[in-house]
Amino acid sequence: MIYHLKRGRDAQAAANDEAQVRTTVEGILADVAKRGDAAVRELSVRFDRWDRADYRLTDAEIRDCLSQLSTRDLEDIRFAQDQVRNFAQVQRDALRDVEVETLPGVVLGHKNIPVNAVGCYVPGGKYPLLASAHMSVLTAKVAGCARIVTCAPPFEGKPAPAIVAAQHLAGADEIYCLGGVQAMAAMALGTQTIAPVDMLVGPGNAYVAEAKRQLFGRVGIDLLAGPTETLVIADETVDAEICATDLLGQAEHGPNSPSILLTTSEKLARETMREIERLLGILPTAGIARKAWEDFGQVILCDSEEEMVREADRISSEHVQVMTRDPDYFLANMTNYGALFLGPRTNVAYGDKVIGTNHTLPTGKAARYTGGLWVGKFLKTVTYQRVLTDAASARIGEVCSRLCMLEGFVGHAEQANVRVRRYGGRNVPYGQAAE
């Protein structure tokens, strides 16, 4: 039986917040669509207090940002990028073009074609989240995208050196110091100085996620990545300190970041809640983490591992940290998650920053129907067909003619009939099915 020791905010409060975000984003997108660069500049001044005639960084500005980082910082960025690039390349190598002769004279195939132009959003207003540059730019590069644009907001009144370095080292073609909805609108819709892209990727706050939702259709998107979510699945084989640390480590992302403990041990659950209170007394980011824990934190007790799997699949969390006697049981049986972190030796921060898997992952229960950002998101798998012989065209045409007439599509049927007449030597009356 499932029992909640702690619950988060009710769903109606969250729905009210979402309605306000939708209205704000609609207005911003309409303004940028109408006024272009002028609107982008006004919005940047209003929201980020950041004013420039041109938001694209020059080569000199990029070099200056790199010069502000230590050798160790640059080495660490390169190390993390190597891990992301290597895993993305393995994924790319697993995707093959195919061609097969399905019937004598009938050849079908598909090709994996990269998206031409991609806009990558890198969050950075609250924290300089340079890792998001690795995850989007490098993965798009491995996929073979020809033009990669990045946008990141200013940090403390200027471009964040670490973000700029990560974007540049990852291979971004155009780097803009521009944040929020105005950045998403500029990349997707284009302005007088920014050419539009074909696809938007990357995480962001609720406003950025809503902008992606509203822009979807005019451009492609990777997924709707909202506030960070983490689910810790644990039993008595681990202690409260590690559970509390992993919960608060993600709660510090923002005041609306859910952190959930799912366990079969009431003793561990209560000890973890006490440990969270202790850590909130010393955590430098406790102001944010406490709000997130109080409003969105949950502690859920289950009777068995089977019940934990069912509840975890219902929650469909972005990140799932499994610390039980048999983590592989969850790997074998769970179906709804963004990424799994199996065993106490790994954790969500590894995935967020350095280990090599992509950290742009589904939130808001989207893990029920999609995975996270990966090299395949930047590829269009497109099909083609080729008919090599007259006999094959006539054979396919006869069946196609009858099926089209069954649906009432006479024009479609004639596309088949003309080929049956031409390549099969059959006299099929106009507007009738081939016999």
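The values are calculated or read from the model by the stated rules, or taken from the named source; none is laboratory data. Keep in mind that this is a model prediction, so the values were computed, not measured. Here the Cβ is made from the backbone with ideal geometry for all residues, glycine too, and neighbour counts use every protein chain on show. Accessible surface is based on the protein model in full, side chains and every heavy atom, while ligands, DNA and RNA are left aside. Shrake-Rupley method; radii C 1.70, N 1.55, O 1.52, S 1.80 Å.
Here are a few things to note about the model shown:
- The condition of being touching an Asp or Glu at 6+ places or on another chain (Cβ under 7 Å) and either surrounded by 12 or more Cβ atoms within 10 Å (Cβ to Cβ) or hydrophobic (A, V, I, L, M, F, W, C) (or both) holds for only one of VAL399, VAL420, that being VAL420.
- Scoring THR245 on the criteria (1) within 21 Å of ARG9 (Cβ to Cβ); (2) of a type outside the set (Asp, Glu); (3) under 26 Å from the mean Cα position of the chain (by Cα) leaves a single failure, condition (1).
- No other residue among GLY171, GLY204 is open to solvent by 10 Å² or more (accessible area, probe 1.4 Å), in contact (Cβ under 8 Å) with a residue 24 or more places away in the chain, touching a Pro at 6+ places or on another chain (Cβ under 8 Å) and of a type outside the set (Ser, Thr, Tyr) apart from GLY204.
- Every pair of residues 6+ apart whose Cβ atoms lie under 8 Å, when the first sits in region 392-403 and is free of Cβ contacts under 8 Å to residues at least 24 places away in the same chain while the second is not aromatic (Phe, Trp, Tyr): CYS400/HIS412; CYS400/ALA413; CYS400/GLN415; CYS400/ALA416
- Within region 325-380, considering residues that are β-branched (Val, Ile, Thr) and either in contact with a Gly (Cβ under 6 Å, 6 or more places away or on another chain) or open to solvent by 60 Å² or more (accessible area, probe 1.4 Å) (or both), the one farthest from GLN250 (Cα to Cα): THR335
- Residue match in region 15-26 (condition: under 23 Å from TYR121 (Cα atoms), open to solvent by 40 Å² or more (accessible area, probe 1.4 Å) and of a type in the set (Lys, Arg)): yes
- Residue within region 230-239 that is open to solvent by less than 20 Å² (accessible area, probe 1.4 Å), in contact with a Lys or Arg (Cβ under 8 Å, 6 or more places away or on another chain) and part of a strand (DSSP E or B) present: no
- The residues of region 33-80 that are exposed (fewer than 14 other Cβ atoms within 10 Å of the Cβ), of a type in the set (A, V, I, L, M, F, W, C) and closer than 18 Å to GLY124 by Cα amount to a single one, VAL45.
- Looking across region 291-305, the residues that are touching a residue at least 12 places away in the same chain (Cβ under 8 Å), surrounded by fewer than 21 Cβ atoms within 10 Å (Cβ to Cβ) and assigned to a helix (DSSP H, G or I) come down to LYS291, ASP295, GLU305.
- Hits in region 148-181 - residues which are of a type in the set (Gly, Ala, Ser), touching a Lys or Arg at 6+ places or on another chain (Cβ under 8 Å) and in a loop (DSSP other than H, G, I, E, B): GLY157, GLY171
- Strands (runs of 3 or more DSSP E) contained in region 92-132 and holding at least 3 residues open to solvent by 20 Å² or more (accessible area, probe 1.4 Å), farther than 17 Å from CYS151 by Cα and touching a residue at least 40 places away in the same chain (Cβ under 8 Å): 106-114
- Index of the failed condition, ILE194 passing every other in (1) crowded, with 23+ Cβ neighbours inside 10 Å; (2) not in a loop (DSSP other than H, G, I, E, B): (2)
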